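Comments concern the structure below.
The values are calculated or read from the model by the stated rules, or taken from the named source; none is laboratory data. Since we're looking at a predicted model, the values are computed, not measured. Cβ atoms come from the backbone with ideal geometry, glycine included; neighbour counts cover every protein chain shown. Just so you know, the surface numbers come from the protein's heavy atoms only, side chains and all, with ligands and any DNA or RNA stripped out. Shrake-Rupley method; radii C 1.70, N 1.55, O 1.52, S 1.80 Å.
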Amino acid sequence: MIKSMTGYGLASYDSGSTKYTVEIKSLNSKFLELTLRIPRSFSDKEFQLRNDCSKQLERGKVSLSINIEQVSQAVKAAGIDTVLLKHYFQQLKTVSDELNEPTSNLLQLALGLPEVVKYDDDAVSDEEWKIVEQTFQKAVAAFQQFRLDEGNVLEQDIKARIGIIMDNLKKVEIEEPKRVPVIRERLNQFLADSVGRENLDQNRFEQELIYYIDKLDITEEKIRLKTHCEYFIETLKNADANGKKLGFISQEIGREINTIGSKANDANIQKLVVGMKEELEKIKEQLLNVL
């Protein structure tokens, strides 16, 4: 079963005083493009998170966000950096005096400046990290299930389109034998009109006709096209990520379809070839979203 490269997973844990939320989203990409949005207190865990994402998420433009919500700022706050607060306050007062502005709310402004209020999340305990890691794994599980569900929809659509290509190939096999009498009659009439039927060397004509028909033979192309389509369906069933492999096989399918079209020399076969090309293009579009 194939997986979609598009995915979404969300998991959360509420301890009563703190709520932990992990969200994972992904879009199409040839490689793993990982963007992390995590609290500063978890910065030392970034390398581990990246490794886990690389092993489990494989490919795609992935966005991982970890959010921690405290019940109240009182729980979260640990203290005030008084030295920094005084520094900010003095600078604000100096500027206010120079501009002749009121100084009544300077303390409030200084408290809101960076690094003045210190929080407990500056240091992450092992217990807190364990909670976040478990929540992350739950989000990954939801994310992978989303990919599988989306992949199942893609697989059914792609199988149906490969089936249409195979049906058209069977119709080509029915139309192909009809070409020889038509080509024979067309060439015979052309030569009769050009040199006269009484001047036509029938033996030489048959030799040239055999040579010409051989150039238009599509037996090998039909066999290879059928083999590629069967291999494509077989590869769809693999458990491993195989989007790139399916892309390579689709290229081979395209080559055989194009060759059949160039050799066809028949309007009915050309119509069937156009239909196969149309389905193959839709398959290639879908494969861009396959992991």
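Quick test for you: out of 22, 83, pick the one residue that is out of contact with any helix residue (DSSP H, G or I) (no Cβ under 6 Å at 6 or more places or on another chain) and of a type in the set (A, V, I, L, M). The match here is 83.
Looking across the range 221-251, the residues that are in contact with a helix residue (DSSP H, G or I) (Cβ under 7 Å, 6 or more places away or on another chain) and open to solvent by 70 Å² or more (accessible area, probe 1.4 Å) come down to 224, 226, 231, 245. Beta carbons closer than 6 Å, at least 6 apart along the sequence or on distinct chains, pair a first residue in the range 51-62 that is surrounded by 16 or more Cβ atoms within 10 Å (Cβ to Cβ) with a second that is hydrophobic (A, V, I, L, M, F, W, C) for 53/34; 58/241; 59/32; 59/291; 60/5; 61/27; 62/34. Scanning the range 254-273 for residues that are in a helix (DSSP H, G or I) and touching a Leu at 6+ places or on another chain (Cβ under 6 Å) yields 254, 256, 263.
Every residue, every condition in (1) out of contact with any strand residue (DSSP E or B) (no Cβ under 7 Å at 6 or more places or on another chain); (2) part of a helix (DSSP H, G or I); (3) of a type outside the set (Asp, Glu), yes or no:
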residue: 238; (1), (2), (3): yes, no, yes
residue: 275; (1), (2), (3): yes, yes, yes
residue: 282; (1), (2), (3): yes, yes, yes
residue: 285; (1), (2), (3): yes, yes, no
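Of all residues in the range 65-105, those that are at pLDDT below 80 and assigned to a helix (DSSP H, G or I) total 4. Filtering the range 126-147 to residues that are modelled with pLDDT under 90 and open to solvent by 60 Å² or more (accessible area, probe 1.4 Å) leaves 126, 127.
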